[in-house]
Every structure is written in structure tokens, then in C-alpha cells.
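**Student:** Dropping a structure here in C-alpha cells format, bear with me for questions.
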Amino acid sequence: MAKKTKLSACAFCGRPADASELMVPSQLPDVFICSECITAMSEALKEYRGQTGHKAVTLSKATMDNVPKPQEICAFLDNYVIGQDAAKKYLSVAVYNHYKRLAQHDDDVDIEKSNIIMVGPTGTGKTLLAKTIARLLDVPFTIVDATVLTEAGYVGEDIESLITRLLQAADYNVEKAERGIVFIDEIDKIARKGDNPSITRDVSGEGVQQGLLKLLEGSIVNVPPQGGRKHPEQHLIPVDTKNILFICGGAFDGIERKIAQRMNTHVVGYSNNASRQHIDRDNFLQYVAPQDLKSFGLIPEIIGRLPILTHLEPLDRDALRRVLTEPKNAIIRQYEKLFKMDGIKLEFTPEALDLIVDKAIEYKLGARGLRSIVETIMIDSMFTMPSTKEKTFTVTAEYALEKLQQANFETTIYN
């Protein structure tokens, strides 16, 4: 500790010794720092640690005030997602129970979390359900892709990158992130590549599943703040995943055959067994069970940590027709808004809408295919109409078919 002398001054702010409460010397001769600068640095360090997870900002305990009930959550989903009533019900209850777990203040009965896995064909709304749920929540929410995950030490992303994304969504507030929800998309892509053991490691399959076990179950995970690979000198943020809800989704392409084998039937063909006549051969996914996921390539341990299993129905013609026009962000409404911004009123005839739906069913593209078809039909008009003085534009079935043929859309799909 240095005495105040006329010769000493703060090396940071230049404050003289007689204007400071205390001057602290450094290891260098005649170099001092004043107590005011130390206080300012201390405040800045506290703020930095709160943002990066060194010390979490204290949050008030969660309560059930103003938490939407399951039926209210489901009604909100109805505004954006057509059909899929079973999946909406499971999601609504799971999210509501997640709030209940956060609001639990006593340790009389420990409510365990119920992670979810959704199985459904591509284009049926798995990711859309997750994105829509995120609009309603006031807890951190992130969507991550399982296809980029690999075991630690290999090219790709570590398992902990899932929590890094959640931390980023929570502005690096650890306590807030520990109450969040993670949607893991394409979970089927980390299935085991085969039942036969191999001398090579399945670094993006079973190895990733093993790494996910501790996250799903609940444990303290050391997470790199900015993502990427860990290295010895890097600061890691400890995050407890006990209260993080995980929702997984995947297409599980080909799982219908596993279900058919389990039910002692076939995906194609006929059977004279009267006990099998009630089986809906057009939608085997409605009979999906945990053992089917095991046959597909998920390890039993990870299936046990995803206790809620639900499926999404394939979209039929009526559902696809409604997807085009009914939701708040319906595809047709989006294009109408695009044209309206140029002062043009866009209209689609019912026959044109029917043609778009028929093509989506023909190509088996699901709801995602609707947008690619509409984009192909509208690309020429979006290129020319803004430069004209036309105020209305009507898309007919003849116009739509002509544009699809000009773009070789059918050939492109099949090639």
C-alpha cells in the first residue's frame, strides 16, 4: 500500500494521489492505480461474469401466474399448424408441466421431466410446431440439428454445442438457460448404422447417442461459451441440464417396415387374417412404439430418457389444401403480401390451388413441397409484375400448369 505523495499518480486515469482515497502500487516502479479505478474494474468484472456465466444473475422463482393452460397452448398452435391434434396435445401438456416443474418450491415430491420424441414424415410440421411453441414461451428456446453432431475429438460439433445454443438464446444467463427448452431436429440421423459390430467407430451415430444421455437425464455439463472445440486453456461454463426440457423430432424414413414386421404384417400385399383387417396400412406411424425406435437404431438408454412418444400424421389432400390458405402465415398469404407491397392484388383461383395440392401429393413432398411448387409458378410474375402498371393478377390452373411445364418441374423432381 502506497502513501499519498506528490510524485504518485494513477497510471490508468491520471488522477493525482491527493485526489484519491488510496493509491495501490504495482510491480513496476512508480506505477500506481487509484481506488476509484479498482472499483470501476470490479463493477465491470461483475457484469462480465454475469453475462458469461461465471456468476449467474439471480432470477425470481417461477410461478404459475399467467401460464397458458394446455388447451390454450393447443389453440395457439392451431393458428399456425393444420391438423396433428395428437402431437399438439402431447406438446401442450409437456410445456405446461415444464412450467409446473419450474414453479415447484418444495422437495416433498420431485417432479421429473418428460422429454418428448416426435416421429413423422418430412413436411408434416415437426419443426413448425417447435418454432410456433417458441413464440408463446417466456423461457429460452433453441432449435438445433443433430446431423452436425459427432463424438468429441472428431470433425463436427460436440454434444455440448446444444447447450451453447441455449446459453446464447438466454444471453449467457446460466440460471435462465437452465430452465429452457431445446428442440433437437433430425434425431433419426444419429441412429446406429447397423446392428453388426464394426472395428471403426460410429462417431456420428451411436457415439452421439451415448453423449446425449447425460444431457437428457440431467447433469452438470461444462460448456464452451462461444461453442467450438474444447481446449485446456479455455474457460468452460457449468450448466445443470436437470430442468432443461428436450423435444426431439425426426422423419425416421423406413420405420414403417419395422412397425409392419412387429405387427406381423406387410407394408404391401394382402392378408386373410381377420385379426389384421383393422390395421390402417396407409398410416403405420400411428402404431409406432419404443421397440420400433430400437429396431431403427436408437439405443435403449436414449429411448428410456425420451418417455413421451408421439407421431405426426401424413398430410392428406384436405390438410394440404388448408395449409395453403388457412394458417396466419399461410403460403398464399405470404405471396399476397409480397405483391401487395408493390400495389398489386394477387388472387388464386380454386382450380389453381387444387392443382398445386395435387402436384404436392404426386411428388410426395408434404407441406414443404407446396412452397417450392408455388415459387416455381410465381417466379416469372414476380420478375415482371413490379415493372408494370397492372394492379391485379390472377393465377389460374392453366397458367400454373404452363409455368410448371416451362420450368421442367416434373423432370427436376424425378431426376
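**Student:** Which one of these does residue 319 not meet: (1) in contact with a helix residue (DSSP H, G or I) (Cβ under 6 Å, 6 or more places away or on another chain); (2) open to solvent by less than 70 Å² (accessible area, probe 1.4 Å); (3) assigned to a helix (DSSP H, G or I)?
**Tutor:** Against the list (1) in contact with a helix residue (DSSP H, G or I) (Cβ under 6 Å, 6 or more places away or on another chain); (2) open to solvent by less than 70 Å² (accessible area, probe 1.4 Å); (3) assigned to a helix (DSSP H, G or I), residue 319 comes up short only on (1).
**Student:** Another question, if that's okay. Limited to segment 239-255, what total is found for residues that are part of a strand (DSSP E or B), closer than 25 Å to residue 192 by Cα and either of a type in the set (A, V, I, L, M) or open to solvent by 10 Å² or more (accessible area, probe 1.4 Å) (or both)?
**Tutor:** The total comes to 2.
**Student:** Could you say whether any residue in segment 333-355 is of a type in the set (A, V, I, L, M), under 28 Å from residue 74 (Cα atoms) and at pLDDT below 90?
**Tutor:** Looking through segment 333-355, none of the residues is of a type in the set (A, V, I, L, M), under 28 Å from residue 74 (Cα atoms) and at pLDDT below 90.
**Student:** Now a separate question. Could you tell me how many of the residues in segment 159-178 are part of a loop (DSSP other than H, G, I, E, B) and either at pLDDT 85 or above or over 23 Å from residue 118 (Cα atoms) (or both)?
**Tutor:** Here the count works out to 5.
**Student:** Tell me, please, whether a residue that is in contact with a strand residue (DSSP E or B) (Cβ under 6 Å, 6 or more places away or on another chain) and part of a loop (DSSP other than H, G, I, E, B) can be found in segment 91-108.
**Tutor:** Looking through segment 91-108, none of the residues is in contact with a strand residue (DSSP E or B) (Cβ under 6 Å, 6 or more places away or on another chain) and part of a loop (DSSP other than H, G, I, E, B).
**Student:** Kindly indicate whether any position in segment 332-345 is under 28 Å from the mean Cα position of the chain (by Cα), among the hydroxyl-bearing types (Ser, Thr, Tyr) and farther than 16 Å from residue 81 by Cβ.
**Tutor:** yes
**Student:** Enumerate the pairs (first residue in segment 115-135 and over 15 Å from residue 320 (Cα atoms); second residue anywhere and of a type in the set (Lys, Arg)) with beta-carbon separation below 9 Å, excluding pairs fewer than 6 apart on the same chain, so at least 6 apart or on different chains.
**Tutor:** Pairs found: 115/305; 118/126; 119/126; 120/126; 129/88.
**Student:** Looking only at residues that are of a type outside the set (A, V, I, L, M, F, W, C) and in contact with a helix residue (DSSP H, G or I) (Cβ under 8 Å, 6 or more places away or on another chain) in segment 305-315, which one is surrounded by the most Cβ atoms within 10 Å (Cβ to Cβ)?
**Tutor:** 311
**Student:** Is it fair to say residue 292 is open to solvent by 20 Å² or more (accessible area, probe 1.4 Å) and either in a helix (DSSP H, G or I) or without any contact (Cβ under 8 Å) to a residue 40 or more places away in the chain (or both)?
**Tutor:** Here the answer is no, as residue 292 does not meet what is asked.
**Student:** Same structure again: Being open to solvent by 20 Å² or more (accessible area, probe 1.4 Å) and either touching a strand residue (DSSP E or B) at 6+ places or on another chain (Cβ under 9 Å) or part of a helix (DSSP H, G or I) (or both) is the filter here; which residues of segment 127-141 pass it?
**Tutor:** 127, 128, 131, 134, 135, 136, 137, 141 - these are the residues of segment 127-141 that are open to solvent by 20 Å² or more (accessible area, probe 1.4 Å) and either touching a strand residue (DSSP E or B) at 6+ places or on another chain (Cβ under 9 Å) or part of a helix (DSSP H, G or I) (or both).
**Student:** Looking at the structure I just gave you, is residue 117 within 26 Å of residue 254 (Cβ to Cβ) and open to solvent by 30 Å² or more (accessible area, probe 1.4 Å)?
**Tutor:** no
The values are calculated or read from the model by the stated rules, or taken from the named source; none is laboratory data. Remember, predicted model here, so these are calculated numbers, not experimental data. FYI the Cβ positions are ideal-geometry reconstructions off the backbone, even for glycines, and counts take in every protein chain you see. Side chains are part of the model used for accessible areas, which takes the heavy atoms of the whole protein and leaves out ligands, DNA and RNA. Shrake-Rupley method; radii C 1.70, N 1.55, O 1.52, S 1.80 Å.
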